[in-house]
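Heads up, the thing below is written out as structure tokens.
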Amino acid sequence: MQHYKIGHQVCCGLKGETGHCKGWLSIINGLRICRDQPGRSLVKPKGVRLMRIKLVLLSLLTIFSLILSVVFTLTPTGAQAPGDWTEYSSNPVFGQWIGGAKAYYPKVIYDANQFSGHGNSAYYKMWFQSSSGIGYASSNDGIIWTAGTNPLGGLVAGASHPLVKYDLNGFGGGIYYKIWYWAGSDIYIINALRYAESADGITWTNDQPFTQDGSLPLVTGNWPDWNDGTYGPCDIIYNQNGSNSPDDVNLWNNKYVLYYMGTDGDHEYIGLAYSNNAIHWKRYGNNAVLGPGAPADWDNYSVGYCRVMKISGSWHMWYGGGPGTNLGIGYATSPDGVNWIKHPGNPIFYISDGMPWRNNRTYTPWVLYDAASFGGHGDACYFKMWFTGRSTDGKYSIGYTSAIPAATVTAVNPASGMQGQCPMTVIITGTNFNGATAISFGTGITVSRFTVNSATRITATICITSDAALGAHDVAVTTHGGPGMLRNSFTVNASPLNRQIGTGAPTSHGSFVGSQGTYGYSPPVTLPAIVVQSASLSAKTVTPGTPVTVTANIANKSTVNGNKKVTLYVNGQVEAEQGVSVNSGGSSRLTFNVSRNEPGDYNVYVDGVLAGNFKVELFRESDAILIFSTTLVALAFLLGMVILWRRKTAGY
């Protein structure tokens, strides 16, 4: 754009044929605008053009971000639910909703020996907070509870948020029950946390406040520290072989490790501390081990009231979350009990689940685990949970839920097979088979496929190797609730070719005289023994429709030539079959191609041999990186072009 100065004005439009100026330069709010005589803009101001350029770039970046979010949202994660929990249909099981006393903050202990005479005889004991202090109840199934003493004696007035532990060995000192609790008249001092002891879990003695290390205190009393104050203990891990003095190096070498709630007066957190006597404590680290989620997360603002367990080398935590730490229950895992990862499928339960008894608050989970499925004392499952609910009319009650019950196996039909028999169809009957993930017949027997026909019936195809152990085998069905097993329920017999019918020698007439009589005799026949020795996949992760090559190595272990039909299974279903001829003592190789369009995980077997698992994803990681890189290059190019264009058109 050319500029012409005419008097005190600057002409910014090109002159017409008559030599008159078509536009005049005006300065409005710092922007140079070319206007005609009536005030109409002839040329867009630089600020407006720059703004539009920025809007275009912002739009492109937004579109790019949306594409990436779709890519990574649609990519399957393969994660399971936080817990396959089934809420008890007649909840709650205790408290005001069903006409009892106010009850919340439950802590439940199960003992298969009914606590061995240490207090009342029951399989389950529960301590809870009530309107008058800390109360007690007992049960033999975890569902039907008998209310006991309330409040318990020997604790200070205002005792609440109980945490009770029982040890058959008396914690090394003849004290069978210990309680840690909160007496929060002043939440910003360590005296808000207290400790007591009991021989029966009902009458308590030696009540006293916590003391704490001066350099690493549990409660600082300094705002805005995450542990400026406290709302009480969450859980304690007791190590009977722990050090008699505090171990500042190895956290888990201490006798007592405490998860407790800290607060800055607004938000709530979960921290760690340790002790050698359960009374004097030292904080572990400077930071909380679990904090609130992001503003848009269900557990924003606060987390707390957790239950922690170590099972088979991994750590598990259930906790309350949300403003007030009472909107729902979440789940997290950890490799070391310190660094926690919240499950993406959280929460397990939430106030909006449609349960009137807990539609105002759902929190304070307490979970028990028993590898023996609680010995038939109540629901047969591995995990049970008790938690607090409050209704909109202010009633506090305790509910119950259990994980999916473990499968049970009651019969296997047929109950026997022979070495080298493959394939063989077997019917397994029992209970709770829905969601079965694996079937096992023990060493030497491979399950190549299975179908869950119903909750009580599974049809399995098995292969018995020629060298499978003779005799009885255990049959197990695994579900999300754990494995169910029927011992010695399937028998492997020797092949007829390897079995001696009787004793004696062939007669001159071609018969065989044995201990039980005379049998027809024919010379032994050698049959080919063609087996799949190994199998493999060409890829573990592919995009929809991309073929995966399955390679199987076949061997003939006999002294005669032979043929065999080899079957490919994908997720237990027949995918393809091929015939193969293998000379005596020789080997061969077969290949199959398999592809899937639906994202997910697929397991592949060749006869009874596992080839591996592959995953179908909408985008592989390398594809996402390529898209990201390409888009960045395109944006950089576009931005460069815009800069060059601006320089070229700068000025009027």
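The values are calculated or read from the model by the stated rules, or taken from the named source; none is laboratory data. Given the structure is predicted, the values throughout are model-derived calculations rather than measurements. Ideal geometry is used to build each Cβ from the backbone, glycine not excepted, and the neighbour counts take in all protein chains shown.
What to note about this one:
- Scanning the stretch 112-129 for residues that are outside any helix (DSSP H, G or I) and of a type outside the set (S, T, N, Q) returns Ala112, His118, Gly119, Ala122, Tyr123, Tyr124, Lys125, Met126, Trp127, Phe128.
- Pick from the stretch 429-438, criterion at negative phi and outside any strand (DSSP E or B), ranking: surrounded by the fewest Cβ atoms within 10 Å (Cβ to Cβ): Thr437
- Positions within the stretch 342-357 being under 18 Å from Cys306 (Cβ atoms) and either at pLDDT 95 or above or touching a strand residue (DSSP E or B) at 6+ places or on another chain (Cβ under 6 Å) (or both), in sequence order: Lys342, His343, Asn346, Pro347, Ile348, Phe349, Tyr350
So that you can scan it fast, the table gives a plain yes or no per residue for (1) over 20 Å from Thr333 (Cβ atoms); (2) outside any loop (DSSP other than H, G, I, E, B):
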site	(1), (2)
Asp235	no, yes
Val249	yes, no
Tyr269	no, yes
Ala278	yes, no
Ala288	no, no
Pro295	yes, no
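- Any hit, the stretch 408-423, residues being surrounded by 21 or more Cβ atoms within 10 Å (Cβ to Cβ), assigned to a strand (DSSP E or B) and under 21 Å from the mean Cα position of the chain (by Cα): no
- Any chance Gly394 is on the phi < 0 side of the Ramachandran plot and in contact with a helix residue (DSSP H, G or I) (Cβ under 9 Å, 6 or more places away or on another chain): no
- Residue pairs meeting the criteria (Cβ under 7 Å; at least 6 apart or on separate chains; first outside the structural domain of Ile439 (by TED's automatic domain parsing) and free of Cβ contacts under 8 Å to residues at least 12 places away in the same chain, in the stretch 569-585; second among the basic types (Lys, Arg) and loosely packed, with under 12 Cβ neighbours inside 10 Å): none
- Every residue from the stretch 546-594 that is in a loop (DSSP other than H, G, I, E, B) and within 19 Å of Ser448 (Cα to Cα): Asn571, Gly572
- Entry remark, the stretch 89-104: residues being at pLDDT 95 or above, surrounded by fewer than 17 Cβ atoms within 10 Å (Cβ to Cβ) and among the hydroxyl-bearing types (Ser, Thr, Tyr) number 1 in total.
One line per residue, one yes/no per condition, for (1) within 20 Å of Met485 (Cβ to Cβ); (2) buried (at least 20 other Cβ atoms within 10 Å of the Cβ):
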site	(1), (2)
Gly354	no, no
Asn360	no, no
Trp366	no, yes
Gly375	yes, no
Ile427	yes, no
Ser440	yes, no
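- Scope the stretch 313-357; condition under 13 Å from the mean Cα position of the chain (by Cα) and either within 23 Å of Asp393 (Cα to Cα) or aliphatic (A, V, I, L, M) (or both); matching residues: Met317, Ala332, Ile341, Ile348
- Residues that are under 34 Å from the mean Cα position of the chain (by Cα) and part of a loop (DSSP other than H, G, I, E, B) were ranked within the stretch 164-175; the one that is farthest from Gln129 (Cα to Cα) is Asn169.
- Of all the listed residues (Phe628, Phe637), the sole one being part of a helix (DSSP H, G or I), modelled with pLDDT of 70 or more and not aliphatic (A, V, I, L, M) is Phe637.
- Some residue of the stretch 181-199 being outside any loop (DSSP other than H, G, I, E, B) and under 24 Å from Gly389 (Cβ atoms): yes
- Wholly enclosed strands (runs of 3 or more DSSP E) of the stretch 452-545 bearing at least 3 residues at pLDDT 50 or above: 457-464, 471-479, 482-493, 530-537
- Failed item in (1) part of a strand (DSSP E or B); (2) buried (at least 21 other Cβ atoms within 10 Å of the Cβ); (3) not hydroxyl-bearing (Ser, Thr, Tyr), with Ile109 passing the rest: (2)
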